[in-house]
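To start, the structure itself, in structure tokens.
The values are calculated or read from the model by the stated rules, or taken from the named source; none is laboratory data. Quick caveat, the model's predicted, so the values are computed rather than measured. Cβ atoms come from the backbone with ideal geometry, glycine included; neighbour counts cover every protein chain shown. Side chains included, ligands, DNA and RNA excluded: accessible areas come from the protein's heavy atoms. Shrake-Rupley method; radii C 1.70, N 1.55, O 1.52, S 1.80 Å.
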Amino acid sequence: MTLPRSVSDILDEHVTLEVECIDRMLLNLYQPRLQHELGVVGFFKLHRGFPFVSSALMDPISKTFVADIHRFVADHGVDLVDFRVGQRKDDVAHEYLAAFEGTEGVLFVGRAQEKTSVFRTEKRRNPITGATYPWLVRRTAIVNHFYIYAIDDDFGPFFIKFGTYFPYNAKLCLNGNEWAKRQAAKAGVAFEALDNGFASCEDPKRLQQICDRLDDKKIDRFVRKWLARLPHPYTAADRRAGYRYDISVLQAEFSLTQVLDRPLSGRVFFEEVIRENLDIGRPDRVSLIFDRRIRRRGARPTPGRWRTRVFTDGVVPSLHVEYKSSRVKQYFKEGVALRTETTINNARDFGIGKRLHNLPALREVGFLANRRLLAVQRISHDPALGEAAFARVAQPIDLDGRRVAALRFADARVHALLATLVVFRLLPNGFANRDLRAHVAPLLGRRAETITAGQMTYDLRRLRVHGLIERIPGSHRYRPTDFGFHTAIFFLYASRLLRNGMADIADPVPTALHAALARVTQEADRLAQRAHLAA
């Protein structure tokens, strides 16, 4: 049995289960009106009726909130754990999760000091009267945060982290794959788990339908359910006045898991894919993955570092491709599945808002990026696609029963046309028939008047049908497509390489290329002799 030889081989013939699902999500819980100084002033003066605003008014709210959390811990009989510096909180959570019995409840409450944004009161002095007055400013401070680790009957394990100082912003972390597992179990769909994913399933189509049902509305109901159960920093009167937590997406992971029938060959193959794609972080290739235009120069260049990074955890490598603050990660999960994950750390990287109701648009971007990465890898690793792309240009096309001539690689007229496309790529308003004739004629060693408009119309039709140019709507002008521009450059480079190589081969004076080809021939003859074949 042979190993898969290309990306197409492994994805088309060796995948036993393929599942797309929202993976880990980190949500921001915040009150929009309390994120700026004037909003805080309105809260205390207009809503609560205080004549002034000071951080002294925030202290009783914080103490009440902390006391409510301690009371919650005592009433529910859960542990209050002080996290140590450098301690992995997930490790502690796994220990409590392993000992938990039941489908829903709080595992424990953790406490840690972390930096956060808060409001402080500064004493300022009127430069005219000399009188002092309090002034509200935003600062960062290290304050206690409470981590509430719990299990939900629908969403499985999650945690909420509350800050204990005004405006009491919180973060909630959940996992969409865990939600899908619980829903599949309730629906009676048999499956084998794979960490935060699936290793096998008796009904893959139904499983995918379950994964597709997770949306912003279900997540919002889940968040509201637990906010109603847990201690809340804002009173019922505050919430009735509109001071409720809103939800935005801080981070969202979108995963594509492709389980392979032969894990060993899949791992070896994945390592080969990494070696073939170390340049996938280049701007031109990243733009293919995220379908976004990347500007390297100009007044507003696209921010970000264009690089491919390979990390190794033990003996398992992973491939990372970055775009602005987001990234695509690819690795071989638990030795059985190819995992591709797009992590969006800032929805505005893609012109999308951060509010939770934008999740459908984020979902489309994330899953499409996964598929585009695999498509780029197919192209870079599978020459069959390259052959198809070459045939698209170099073979004739039947268009509604009429034959459109090919653009033959060795045809001098074709190379003249392609060289002209490279020049026309720089024209903002495209080019017309007469522009093409004026540029092509000198490249063929002819005068422009010796080439008719009809001949150029014939060439324009060839270029357009083969996808190298497109007509500008509402005009008789054309512009090169991205495919046409890249094809033109590659054809011209390859032609020059062949001409120079053939010149060396045809030169009667021995050259370095002669010597290299002679060594290759000798080694091939020795190999044939060892294999008992005729040289």
By the mean-Cβ-within-10 Å protection proxy, highest first, 410-419, 158-167 rank as 158-167, 410-419
Heavy-atom accessible area of the range 344-475 with neighbours in place, 1.4 angstrom probe: carbon+sulfur share in percent works out to 55
When the charge dipole of the chain is computed with +1 at the Cβ of Lys and Arg and -1 at the Cβ of Asp and Glu, the Cα pointing farthest to the positive end, of ALA337, TRP135, PHE222, is that of TRP135
The answer for GLN395, listing residues at least 5 apart or on another chain whose modeled amide H is closer than 5 Å to its amide H, is LEU407
Taking Cα atoms, the helix 89-99 axis meets the longest principal axis of the chain at an angle in degrees (rounded to 10) of 70
Distance in Å, no decimals, from the C-alpha centre of the range 428-449 to the one of the range 160-179 is 64
Computed D for the range 12-76, Stokes-Einstein, Kirkwood radius over alpha-carbon pairs, 25 °C, 0.890 mPa s, to the nearest µm² per second, is 150
proj_area_mean for the range 412-535 (convex hull on C-alpha atoms), units nm², value 11.7
Honestly the range 440-500 on the Cα gyration tensor test (a ≥ b ≥ c root eigenvalues; a/c under 1.5 rounded, otherwise a/b vs b/c for prolate or oblate) is just oblate
At q = 0.17, 0.20 1/Å the base-10 log of I(q)/I(0) from the Debye formula over the alpha-carbon atoms of the range 175-261 is -0.80, -0.97
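Determine the relative contact order of the range 98-231: mean sequence separation of Cα pairs under 8 Å and six or more apart, normalised by residue count, in whole percent.
Details: 206 pairs, mean separation 22.4, N = 134.
Relative contact order of the range 98-231: 17 percent.
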Between the modelled labels at SER200 and ALA375 (7 Å from Cα along Cα→Cβ) the distance in nm is 3.3
Quick shape check on the range 425-469: root eigenvalues a ≥ b ≥ c of the Cα gyration tensor, a/c under 1.5 is rounded, otherwise prolate if a/b tops b/c, else oblate, and it reads oblate
Phi-derived 3J(HN,Hα) across the range 361-368 with the Karplus relation (6.51, -1.76, 1.60, θ = phi - 60°), rounded Hz, x for Gly and Pro, is 5, 5, 4, 4, 5, x, 5, 5
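Hey, if we sort HIS439, HIS145 by accessible area with the 1.4 Å probe, largest down, what's the order?
Numbers: HIS439 80, HIS145 10 Å².
Of HIS439, HIS145, the descending order of accessible area is HIS439, HIS145.
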So for the range 106-160, using the alpha carbon gyration tensor with a ≥ b ≥ c as root eigenvalues (a/c under 1.5 gives rounded; past that, a/b versus b/c decides prolate or oblate), I'd call it prolate
With bins of 10 Å, the percent of all Cα-Cα pairs of the range 50-114 per bin from 0 is 17, 37, 27, 13, 5, 0
Rounded to the nearest 10, the angle in degrees between the Cα long axis of helix 176-186 and the longest principal axis of the Cα atoms of the chain comes to 80
With the 8 Å Cα cutoff and a minimum separation of six or more residues, the chain has a relative contact order in percent of 13
Quick calc, ASP215 & ARG348: beta-carbon distance into FRET formula, R0 30 Å, rounding 0.05, result 0.90
In nm, the gap between the two label points placed 7 Å beyond Cα toward Cβ at VAL41 and LEU492 is 6.2
With Cα coordinates, the longest principal axis of the chain makes an angle with the long axis of helix 58-76, in degrees rounded to 10, of 90
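Please compute the per residue accessible area over the range 169-229 with all protein chains in place, 1.4 Å probe, rounded to a whole number of Å². Walk me through the intermediate numbers first.
Numbers: 2750 Å² over 61 residues.
Computed with neighbouring chains in place, this is 45 Å² per residue.
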Net charge (Lys, Arg +1; Asp, Glu -1) of residues whose beta-carbon lies under 11 Å from that of ASN196, ASN196 excluded, is -2
So, relative contact order of the range 448-521 in percent, Cα under 8 Å, 6 or more apart, is 14
Note to self: Kirkwood Rh of the range 128-183, Cα pairs, one decimal, Å, is 14.5
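For the pair VAL465 and GLU523, what calculated FRET efficiency results from E = 1/(1 + (r/R0)^6), where r is the Cβ-Cβ distance and R0 = 56 Å, to the nearest 0.05?
After rounding to 0.05, the efficiency reads 0.80.
Provide the percentage of antiparallel DSSP beta bridges, counting only those with both residues in the chain; round to the nearest 5.
95
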Here FRET efficiency (C-beta to C-beta, PHE390 to LEU443, R₀ 22 Å, nearest 0.05) is 0.45
For the chain, using Cα atoms only, the Rg and Dmax in Å read 31.8, 106
Under a 1.4 Å probe, counting only protein heavy atoms, TYR331 has an accessible area in Å², nearest 10, of 30
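Which peptide among 14-25, 511-522 comes first, and what is the full order, when sorted by highest mean count of other Cβ atoms within 10 Å? Intermediate values should be presented prior to the final figure.
Working: 14-25: 20.4, 511-522: 11.5.
So the order, starting with the most tightly packed, is 14-25, 511-522.
What's the magnitude of the charge dipole for the chain around its Cα centre, counting Lys and Arg as +1 and Asp and Glu as -1 at the beta-carbon? Answer in Debye, nearest 20. Present the calculation step by step, with values, prior to reporting the outcome.
On the way: 82 positive and 61 negative charges, 588 e Å.
Using Cβ point charges on Lys, Arg, Asp and Glu, the chain gives about 2820 debye.
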Placing +1 on each Lys and Arg Cβ and -1 on each Asp and Glu Cβ in the chain, then taking the dipole about the Cα centre, the residue among PHE158, HIS47, LEU399 whose Cα reaches farthest towards the positive end is HIS47
Simple spin-label estimate for ALA453/ILE142, 7 Å along Cα→Cβ, in nm, reads 7.9
